[in-house]
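Engineer: One structure is given below, represented as structure tokens, and several questions about it will come after.
Since every read-out is calculated from the coordinates, none of them should be taken as a lab result. None of the values given here were measured: they were computed from a predicted structure. Here Cβ is always computed from backbone atoms with ideal geometry, including for glycine, and neighbour counts include all displayed protein chains.
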Amino acid sequence: MHIIFAGLIGIFVLVFAIAAFVFWIWALIDCIKNTRLSDTEKVVWVLVIIFLHFLGAFIYLLAGRNR
């Protein structure tokens, strides 16, 4: 029973990690293509997304995307 539960947790962690990576890549691409941001803002947001990873992508989604 414990082996099955551990396997399910492993699969859940793997799926979450892949989804977080895809979200991170999407945020980078969206930031670069966002025409509402100036070039300076794009550079700052790209740096935030790169250095803060998932958290930076989430902050960009909430604060930077719809400027």
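Engineer: Counting pairs of alpha carbon atoms under 8 Å apart in space and at least six apart in sequence, what relative contact order in percent does the stretch 20-67 give? Display every interim value, and only then the final one.
Structural biologist: Working: 35 pairs, mean separation 21.9, N = 48.
Over the stretch 20-67, the number comes to 46 percent.
Engineer: Which chymotrypsin sites (Phe, Trp or Tyr not before Pro) from the stretch 4-55 combine a DSSP loop assignment with at most 15 other Cβ atoms within 10 Å?
Structural biologist: Working: sites: F5, F12, F16, F21, F23, W24, W26, W45, F51, F54; in loops: none.
In loop regions of the stretch 4-55 (DSSP not H, G, I, E or B), there are no sparsely surrounded chymotrypsin sites (Phe, Trp or Tyr not before Pro).
Engineer: Please state the equivalent ellipsoid semi-axes for the stretch 20-67: what are the square roots of 5 times the Cα gyration tensor eigenvalues, largest first, in whole Å? Spell out each step's value before the answer.
Structural biologist: Numbers: eigenvalues 48, 20, 17 Å².
They are 16, 10, 9 Å, listed largest first.
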